[in-house]
Amino acid sequence: MNHGAEPRTHELVVVSNRLPVDSQVGPDGAVEWTRSPGGLVTALESVLHGVDAAWVGWPGSPDLELEPFDADGIRLVPVPLADDDVARYYEGFSNGSVWPLYHDVIAVPSYHREWWERYVTVNRRFAEAAAAVARDGATVWVHDYQLQLVPRLLRELRPDLAIGFFLHIPFPPYGLFSQLPWRSQIVEGLLGADVVGFQRTGDAANFATAVRRLTPAVVRAQHRGSRIELAEPSGRRRGVLAQAFPISIDAAALEALARTPAVQARAREIRESLGADRTLLLGVDRLDYTKGIVHRLEAYGELLEDGAITVDDAALIQIAVPTRERVAAYAQLRDEVELLAGRINGDFQTLRHRAVSYHYHAYPREEMAAMFLAADVALVTSLRDGMNLVAKEYVASRFDEEGVLVLSEFTGAADELRRAVLVNPHDIAGLKEAILTAMRMPRAERRSRMRAMRRRVVEHDARRWSSDFLEALALGAAVRRAQDADAERDAGAPTRVAEVAEPLRSALEGLARRPRLLIALDFDGTLAPEVDDPAAARALPAAREAVERLIAMPGTRVALVSGRSLTDLEAVVADFPEEVLLVGSHGAEIRLEAGTSFEPLEERERAELTTLGELLGGIAARHEGVWVERKPVGFALHTRLAVEADSQAARLEATREIGAALGADVIVRDGRTTLEFAIRGTTKGEAVEHLRRITHADAVCFAGDDVTDEDAFAALGPGDVGLKSGPGDTLAEFRVPGPAEVALALQRLADAREGAPSEERPR
Ligand code: GDG
């Protein structure tokens, strides 16, 4: 290894919590580094070679400040963590909050603000370290749950980079994810990437739901994931690909290792030491509560207890690699597993044979390969696991096409290794059954299953995983750069009308020249992308900016016309200028000025409303169980609590008396248990008519997306412009795909109106 301090930049930068090295303190007290053969290094090996790459990560010991150094042709860039950082960012937020939450709350997550704050600080430190060593336009690939804020932080520092993120663990369903007090920040953090990769399609789908629920982004489902369209604070649109890229292993290298004479000899030795006639069951896991080790031991213990197997038939080797020992849940799990293994041995072992051979430490790769080769059955019983590489490693090392894999359905690997004996580890009876099936499986069936699984793992290996991901990232970044370049070019041009296609462009230019213009716009699905939570809907920044520009121009009024109640609408458009006219409840409520609840009624309307109230009040007084409710521009007669005779009589009298007194001025709506009378129209069409009158507009532009907007389109005449957002039948003359294009059309209208002769326009 070669130490050096000169600042260098690189074309590919990998960022992960840990650097792929282990430190040891040498006899002279100096720190020595050896490359640790962790899964991620192996998986990235092929892409790291031949490019100028750096790896940013924590060297693994607290309070260690190191200069960047080279190891095996890769530049290693250490990020220091103080003991307190390790406690709060790593053991705390990463492993005490995120890990249990993302693994189906198998252990109860705790949420502490000081953990979260340190997570933010440490993520910023990683982002800064990556930004400092990335060449102009470089690719940065960020890994895993400890660094979910890095993509956004890095994009803010270095918008030129192609940023990818891969989550190695599951992404939970929204019902669980929503527990997280900082759920929005996490989603925003991840959306800083061009590509967010997940293990399973289900994880990508869970993420898409979280994006829909927590942000106004537009999410479109596609193969193995979705495409997310964001509006950045600058108003620019940016696409993010969220998709499954199932991780894999270097199958060829593992097979080659398993084929070496030394490993084969060692496998024979292991078998002989256990007793040649016994079926060898093997479990290899980090000692983590997600891995289902207790369930596995319970099933095995019960099989011995039932007498279905004996220690003369079977042996279980359980390798439990120490992990996160300072986190309480892990210390407890260790006690539980060791107690159980001890109890099974106490109950069932004989002088000749142990029931469980339990090892609480890691082994070298060669020893692992020998164990895989020796084991008749591999037991992977995770309660939840992003992928589980052990399952794939077992398959890859079985070049002899022998061995049976028992695999939990709750692993990512189960999506690919369909010919394993699939189990639900919570079902102990089913798990026992599966172990027996595996132990007794006929040779021909074992071989046919193993062959099929081997094909999958060999074809979909780590090299393919990393190249698929990096290709998708290169493509995503290229598209974004092209869009940015277009936007920059257009921003410099005097007019940007050309982006809106003909004939809409000419129609907008025509509108721009009209002296008094009314622009009436539906909100949801037109200015704001549809979101699951209506309260979270917000107009695209580009749309809001266009409205701000238009409203500042003489002779130009803008109204937002929505089916929402006025109060509701006011809440979601609080970021709009106060001069905007608001129409709620499909036209029933109108706010002409901020602070007024709705438009003051004209004298005639006030009189009509009084008459209406008096007549209905009289009717309600005459019939038991009938009452009157005041509405914004009318009344509703409720008959739900009246007996049939009273209800019918009240309805008949109301229709007759009001018809006689007010005639066609009143709009009647007949509901099952209500009869509503309004003195002002309550369709968007009537709203547009009304707005046209009060603003004295010469021309109207209306944009909307749903069926209630059709009334408004129907109210348009020659010289007006109707713009439909999205699919579906429409009376509108023009159509655009969605809110982003509506925003663009409004911007072009503003551009054109700014440039149009304005002398005839009133102030
Ligand atoms: C996370 C996700 C996802 C284990 N014991 C020894 C040893 N190992 C190696 C295995 C394997 C790796 O450690 C464990 O990988 P897993 O995938 O099984 O599990 P996690 O550590 O939880 O990994 C997981 C993975 O990230 C990758 O995306 O699959 O779902 O939780 O490679 O062989 N290696 C050596 N000695 C041991 O004693 N040398």
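Which number comes out as Rg/Rh for the range 579-714 once both Rg and the Kirkwood Rh are worked out on C-alpha atoms?
1.03
Cross-link partners among lysines for residue 631, C-alpha distance below 24 Å, same-chain residues fewer than 8 apart left out?
684
How large is ³J(HN,Hα) for each residue in the range 516-530, as worked out from phi by the Karplus curve 6.51 cos²θ - 1.76 cosθ + 1.60 (θ = phi - 60°), to whole Hz, x for Gly and Pro?
10, 10, 10, 10, 10, 9, 5, 9, 5, x, 10, 8, 10, x, 5
Along the charge dipole of the chain, pointing to its positive end and built from +1/-1 on Cβ of Lys, Arg, Asp and Glu, which listed residue (652, 216, 637) has its Cα farthest out?
With unit charges placed on the Cβ atoms, the residue in question is 216.
Keeping the other protein chains in place, figure out the carbon and sulfur percent of the accessible area of the range 80-244, with a 1.4 Å probe.
49 percent
For the pair residue 592 and residue 506, what calculated FRET efficiency results from E = 1/(1 + (r/R0)^6), where r is the Cβ-Cβ distance and R0 = 35 Å, to the nearest 0.05?
With a Förster radius of 35 Å, E is 0.60.
Calculated FRET efficiency, residue 604 and residue 733, Cβ-Cβ r, R0 41 Å, to nearest 0.05?
The computed FRET efficiency comes out at 0.75.
Tell me the per residue accessible area of the chain using a 1.4 Å probe; a whole number in Å² is fine.
I get 42 Å² per residue for the chain.
Give a residue-ordered list of calculated ³J(HN,Hα) values for the range 277-283 (Karplus: 6.51 cos²θ - 1.76 cosθ + 1.60, θ = phi - 60°; whole Hz; x for Gly, Pro).
Coupling constants for the range 277-283: 8, 7, 7, 9, 9, 10, x Hz.
For the range 80-244, give the magnitude of the charge dipole about the Cα centre (Cβ charges: +1 Lys/Arg, -1 Asp/Glu; no others), in debye to the nearest 20.
Here the range 80-244 has a charge dipole of around 680 debye.
Where both partners of a DSSP beta bridge lie in the chain, what percent of those bridges are antiparallel, to the nearest 5?
35 percent
Between helix 644-662 and the chain, what is the angle of the helix's C-alpha long axis to the longest principal axis, kept within 0 to 90° and rounded to the nearest 10?
With both axes taken from Cα atoms, the answer is about 50 degrees.
Label the range 469-592 by shape, choosing from rounded, prolate and oblate, from the square roots a ≥ b ≥ c of the eigenvalues of the Cα gyration tensor; if a/c is under 1.5 it is rounded, and otherwise prolate applies when a/b is larger than b/c, oblate when it is not.
In terms of gyration-tensor shape, oblate.
Going by average Cβ neighbours within 10 Å, how do the peptides 275-285, 660-670, 191-201, 468-478 rank, with the highest at the top?
Result, highest mean Cβ count within 10 Å first: 191-201, 275-285, 468-478, 660-670.
Using the beta-carbon distance between residue 120 and residue 660 and R0 = 51 Å, what value does 1/(1 + (r/R0)^6) give for FRET efficiency, to the nearest 0.05?
0.15
As I understand it, the value is the acute angle between the Cα axis of helix 443-459 and the longest principal axis of the Cα atoms of the chain; what does it come to in degrees, rounded to 10?
60 degrees
First check a/c for the range 80-244, with a ≥ b ≥ c the square roots of the eigenvalues of its C-alpha gyration tensor; if it is under 1.5, answer rounded, and if not, answer prolate when a/b is larger than b/c or oblate otherwise.
Because a/c hits 1.5 or more and a/b fails to exceed b/c, the range 80-244 counts as oblate.
What nm distance separates the two modelled labels at residue 648 and residue 24, each placed 7 Å from Cα along Cα→Cβ?
Taking the two extended label points, one gets 9.7 nm.
Please work out how much length the chain gains when fully extended from residue 252 to residue 223, using 0.36 nm per residue of separation minus the C-alpha to C-alpha distance, in nm with one decimal.
7.6 nm
By how many degrees, between 0 and 90 and to the nearest 10, does the Cα long axis of helix 541-551 differ from the longest principal axis of the chain?
20 degrees
Give me the extension gain from residue 484 to residue 108: residue separation times 0.36 nm, minus the current Cα-Cα distance, reported in nm with one decimal.
131.0 nm
Cα to Cα, under 30 Å, and not fewer than 8 places away if on the same chain: which lysines meet these conditions relative to residue 432?
Qualifying lysines at Cα under 30 Å: 291, 392.
In whole Hz, what ³J(HN,Hα) sequence does the range 626-638 give by Karplus (6.51, -1.76, 1.60; θ = phi - 60°), x for Gly and Pro?
9, 9, 10, 10, 7, 10, x, 10, x, 9, 10, 9, 9
If I model a spin label as a point 7 Å beyond the Cα along the Cα-Cβ vector, how far apart are those points for residue 693 and residue 52 in nm?
Calculated label separation equals 7.3 nm.
Amide H of residue 169 versus every other amide H placed in the peptide plane: which residues, excluding those fewer than 5 positions away on the same chain, fall under 5 Å?
Here the answer is 145, since their amide H atoms fall under 5 Å of that of residue 169.
With a ≥ b ≥ c the root eigenvalues of the C-alpha gyration tensor of the range 251-460, is it rounded (a/c under 1.5), prolate (a/b larger than b/c) or oblate?
rounded
Run the quick spin-label model on residue 360 and residue 440: label points 7 Å from Cα toward the beta carbon, then report their separation in nm to one decimal.
3.6 nm
Please get the size of the charge dipole for the range 251-460, origin at its Cα centre, with Cβ charges of +1 on Lys and Arg and -1 on Asp and Glu, quoted in debye to the nearest 20.
That gives the range 251-460 a dipole magnitude of about 660 debye.
Calculate for the chain the 222 nm mean residue ellipticity that helices alone would give, adding -39,500 (n - 2.57) per DSSP H run of length 4 or more and normalising by residue count, nearest 500 deg cm²/dmol.
-13000 deg cm²/dmol
About the Cα centre of the chain, how large is the charge dipole given +1 on each Lys and Arg Cβ and -1 on each Asp and Glu Cβ? Please answer in debye to the nearest 20.
Charge dipole of the chain: 1220 debye, to the nearest 20.
Just in the range 384-462: which GluC sites (Glu not before Pro) are loop by DSSP and have at most 16 other Cβ atoms within 10 Å?
401, 402, 409
Using Cα centres only, tell me the gap between the range 28-55 and the range 374-436 in whole Å.
29 Å
Quote the relative contact order of the chain in percent (integer), defining contacts as alpha-carbon pairs under 8 Å separated by 6+ residues.
Once divided by the residue count of the chain, the mean separation gives 10 percent.
Calculate, in nm to one decimal, what residue 467 and residue 184 gain on full extension: separation in residues at 0.36 nm each, minus their alpha carbon distance.
Going from the current span to full extension adds 98.8 nm.
The values are calculated or read from the model by the stated rules, or taken from the named source; none is laboratory data. Because the structure is predicted, anything quoted here is derived from the model rather than measured. Ideal geometry is used to build each Cβ from the backbone, glycine not excepted, and the neighbour counts take in all protein chains shown. All accessible areas refer to the heavy atoms of the entire protein, side chains included, with ligands and DNA or RNA removed. Shrake-Rupley method; radii C 1.70, N 1.55, O 1.52, S 1.80 Å.
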